[in-house]
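Here's the structure, in structure tokens; my notes come after.
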């Protein structure tokens, strides 16, 4: 019999948890607020994971501690952050054995198990991860919003804010983004953006990405430029992985994950078409990173 496992996929916006029983059967699936792993503040991410673990156990009619929790958390790719969050999560007492990895590992497990492939995640942040035919692994991106996260929701949101203030200055074309941004944020004028941004989280800025998508759908040229730039940035992530891990015996499959790349989202189909020109095939399903985390927890 396998252990009772809760797998968690925790990003900057939300956390998802899946509970598997001793037979590996899914017994519960819940969602809650997310967080990013940080060595400076490990308690926030640990609390977000612990909360969805308790909810998953309750939904399944079980109690904590369960046997194993495997949590894939955005920002846990660096050892200082990973170990700090794992310690706090262990102290939370939701499992007898606690493992913290990255959301990338969890999604990659669901997509490719132990095989080769390339995974691109674009949500609040962005990162690409690959495994070659011979088992070599590598990543591109994942440097955080201060110096990276190109093509992410954060990058799109920040670009929208820049275009809005430049329009007010007369340095950029007119765009309906000004009304969409002010309306979403509940601000009276563009001048208020500076104060709002000083207190905003990474997720707050990323929440502006749907405003850009709607403006593009309504024909706004500036919004269109922002999304084209995002697609180009994400394509560069994948091309760099292919170069870094090559040569390949055959073109690897590509999996897309994250809020911006789910089926039906604005960036997915344009990116799929872009990758098709590179003779790359995209997995035609939404990844289940929480299930991937649970499978990793089962060993």
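Brief remarks follow.
- The Rg/Rh ratio of the stretch 84-133, with Rg taken over Cα atoms and Rh as the Kirkwood radius over Cα pairs, comes to 1.09.
- Full-extension gain in nm, residue 184 to residue 218, via 0.36 nm per residue minus C-alpha separation: 10.6 nm
- Nearest-ten-degree value, helix 153-169 long axis tilted from longest Cα axis of the chain: 20 degrees
- The chain: angle of helix 103-112 to the longest principal axis, Cα-based, in degrees nearest 10: 80 degrees
- Cα centroid separation - the stretch 226-246 against the stretch 254-299, whole Å: 14 Å
- Segment residue 62-residue 166, length gained on full extension (0.36 nm per residue, minus Cα span): 32.0 nm
- Once the Kirkwood radius over Cα pairs is known for the stretch 5-101, the Stokes-Einstein relation at 10 °C and 1.306 mPa s delivers a diffusion coefficient of 126 µm²/s.
- DSSP assigns beta bridges within the chain; of those with both partners inside it, close to 60 percent run antiparallel.
- Mean Cα-pair separation over length for the stretch 5-101, i.e. relative contact order, pairs under 8 Å, 6 or more apart, %: 31 percent
- From largest to smallest, the equivalent ellipsoid semi-axes obtained for the stretch 200-278 from the alpha-carbon gyration tensor read 27, 14, 11 Å.
- The stretch 40-196 - Rg (one decimal) and Dmax (whole number), Cα, Å: 20.2, 60
- Degrees, to the nearest 10: 42-59 long Cα axis against longest axis of the chain: 60 degrees
- Centroid-to-centroid separation of the stretch 30-68 and the stretch 89-143 [C-alpha atoms, Å]: 18 Å
- Equivalent ellipsoid, the stretch 112-284 (semi-axes from 5 times Cα gyration tensor eigenvalues, Å): 33, 16, 12
- Measuring how big the chain is from its alpha-carbon positions, Rg and Dmax come out at 19.9, 67 Å.
- Relative packing of 275-285, 139-149, which averages over residues the other C-beta atoms within 10 Å, highest first: 139-149, 275-285
- Order by protection proxy (mean Cβ within 10 Å, highest first), peptides 43-50, 91-98: 43-50, 91-98
Only the coordinates and a few stated rules stand behind these numbers; no lab work does. Here the structure is a predicted model, which is why all the values come from computation and not from measurement. For neighbour counting, all protein chains shown are included, and Cβ atoms are generated from backbone atoms with ideal geometry for every residue, glycine included.
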